[in-house]
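Novice: Below is one structure. I have some questions about it.
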Amino acid sequence: MSVAAHQDGAARPAERARALSIDLPSLAVLALLILLPAFTNRFVLTEVFGLTFAFGIIALSLQFLAGYGGMVNLAQITVAGIAGYMVAVLGPNTMGFGLAWPWWAAIPIALLLAVAASALIGLLAIRTDGIYTIMITLAICAAFSYFTFQNYEIFNGYNGVNGVTPPRFFGVDWTEPTAFYYLLLAFAALSYIAALYVSRSTFGLALQGIRDSARRMEAIGFNVPAHRVAAYVFTGAIAAVGGILLTWHNGRISPGTIGVGAAIDILIMAVIGGIRHPIGPFIGALIFVCLSTFAMDIVEVVIPRERFKLVVGLGFLLVVLFSPDGVMGIVDKIRQSVRRNSSA
């Protein structure tokens, strides 16, 4: 074995370690989230942070595609909805609707169907670029939402499927608020680590190169369509997990959960948090959930309660106005300012 090959082989474990490395602030936040059930109530635990984790996972799948691949896909909520609907229809629910298969059969099939749908969406979407990608994925989202709305035999139409709860496995009752919070936190952390690792891997770096100059990457031998479809498959798996968790959190799924409005909400979360950072979607989801939860009570003296999304929209515009890269862009500017002051 040559010296160069030996050095290259020795360098690969170090590269993998760097790809999985997480900074100290992230570890501090994780520790705080682990200890959160000890000093907060059930509402904050499930309706604020639990919902943040579920939304954040789906928004993370959009962030990866847009931030690292340059592909804004508004059909990620559709992929999440397919997984959620399949778990509801194939698995058990209190309505007695569907096939009532055991969870160990329903969940893998739901994930596989959602990932396959994401691959098909990718095969269609990669033929377009820019605004055309946004429009075709938005059309797919709207079409699937209307399909579930009008189909009563498979999706129960407008009412959707109710009474969908997480199964009992590993001897734990995951319907209990604290246990379910930790389940959501675990999958949110795993999704974040997976996105961070893949973004720093050879595939992730190639995807970013394709984002910057697809022609140049193709000229040096990279299969651009295959990389883009692979990105859709990877993010489809993340979105599918988020869709199942969101369905369990809500206890139901309906056409309104996966409609165009929901797709726009996911986009807002990703952009508010920061489209270039894997942690950004979770920050954006937390801001969105807090505004959605508490804005109605705060602003009802100024505007009607049913128009609370006006506050969400204004918050979105303010963040984008001052920082095109969202909250994480503001954080980066503060870090750079501190470094300049300390070096001076």
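Novice: How do the pairs read when you match residues in the range 16-43 that are modelled with pLDDT of 75 or more with residues anywhere that are of a type outside the set (Ser, Thr, Tyr) and in a helix (DSSP H, G or I), using Cβ under 7 Å and keeping only pairs 6 or more apart or on different chains?
Specialist: Between residues of the range 16-43 that are modelled with pLDDT of 75 or more and residues that are of a type outside the set (Ser, Thr, Tyr) and in a helix (DSSP H, G or I), the close pairs are LEU30/ALA189; LEU33/LEU185; LEU36/LEU45; LEU36/PHE49; PRO37/LEU45; ARG42/PRO177.
Novice: Working only within the range 47-73, note down all residues that are surrounded by fewer than 24 Cβ atoms within 10 Å (Cβ to Cβ) and among the aliphatic types (A, V, I, L, M).
Specialist: Hits for the range 47-73 are VAL48, LEU51, ALA66, VAL72.
Novice: Just checking: which of the helices (runs of 4 or more DSSP H) contained wholly in the range 195-263 hold 3 or more residues that are touching a His at 6+ places or on another chain (Cβ under 7 Å) and either of a type in the set (Val, Ile, Thr) or at pLDDT 95 or above (or both)?
Specialist: Per the criteria, 202-212.
Novice: Got a number for residues in the range 271-289 being surrounded by fewer than 24 Cβ atoms within 10 Å (Cβ to Cβ), part of a helix (DSSP H, G or I) and more than 13 Å from the chain's Cα centre (by Cα)?
Specialist: 2
Novice: Can you give me the number of residues within the range 157-167 that are at pLDDT 95 or above and polar (S, T, N, Q)?
Specialist: The total comes to 1.
Novice: Could you check the range 166-177 and list, in sequence order, the residues that are surrounded by fewer than 16 Cβ atoms within 10 Å (Cβ to Cβ) and assigned to a loop (DSSP other than H, G, I, E, B)?
Specialist: ARG168, PHE170, GLY171, ASP173, THR175, GLU176
Novice: Out of the residues in the range 213-239 meeting the condition of being more than 18 Å from LEU62 (Cα to Cα) and in contact with a Gly (Cβ under 8 Å, 6 or more places away or on another chain), tell me which one is surrounded by the fewest Cβ atoms within 10 Å (Cβ to Cβ).
Specialist: Filtering first and then ranking leaves ARG216.
Residues are listed down the side, and each one gets a yes or a no for (1) modelled with pLDDT of 95 or more; (2) under 21 Å from the mean Cα position of the chain (by Cα); (3) assigned to a helix (DSSP H, G or I); (4) exposed (fewer than 13 other Cβ atoms within 10 Å of the Cβ):
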| position | (1), (2), (3), (4) |
| --- | --- |
| LEU112 | yes, yes, yes, no |
| ALA117 | yes, yes, yes, no |
| ARG127 | no, no, no, yes |
| ILE134 | no, yes, yes, no |
| ALA139 | yes, yes, yes, no |
| ALA142 | yes, yes, yes, no |
| THR148 | yes, no, yes, no |
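Novice: Here is a further query. Looking at PHE180, is it closer than 21 Å to LEU36 by Cβ, of a type in the set (A, V, I, L, M, F, W, C), surrounded by 14 or more Cβ atoms within 10 Å (Cβ to Cβ) and touching a residue at least 12 places away in the same chain (Cβ under 8 Å)?
Specialist: yes
Novice: Can I ask one more? Any residue at all in the range 93-113 that is within 26 Å of ALA231 (Cα to Cα), in contact with a Gly (Cβ under 6 Å, 6 or more places away or on another chain) and of a type in the set (A, V, I, L, M, F, W, C)?
Specialist: Yes: the range 93-113 contains one or more residues that are within 26 Å of ALA231 (Cα to Cα), in contact with a Gly (Cβ under 6 Å, 6 or more places away or on another chain) and of a type in the set (A, V, I, L, M, F, W, C).
Novice: Give VAL72, VAL87 a once-over and let me know the one that is out of contact with any strand residue (DSSP E or B) (no Cβ under 7 Å at 6 or more places or on another chain) and not in a helix (DSSP H, G or I).
Specialist: Sole residue among the options that is out of contact with any strand residue (DSSP E or B) (no Cβ under 7 Å at 6 or more places or on another chain) and not in a helix (DSSP H, G or I): VAL72.
Novice: Also, I was wondering about something else. Any residue in the range 121-147 that's in contact (Cβ under 8 Å) with a residue 12 or more places away in the chain: show its pairings with residues that are outside any helix (DSSP H, G or I) and basic (Lys, Arg) at Cβ separation under 7 Å, as long as the two are six or more apart or on different chains.
Specialist: As it stands, the answer is none, since no pair meets every condition given.
The values are calculated or read from the model by the stated rules, or taken from the named source; none is laboratory data. Given the structure is predicted, the values throughout are model-derived calculations rather than measurements. Here the Cβ is made from the backbone with ideal geometry for all residues, glycine too, and neighbour counts use every protein chain on show.
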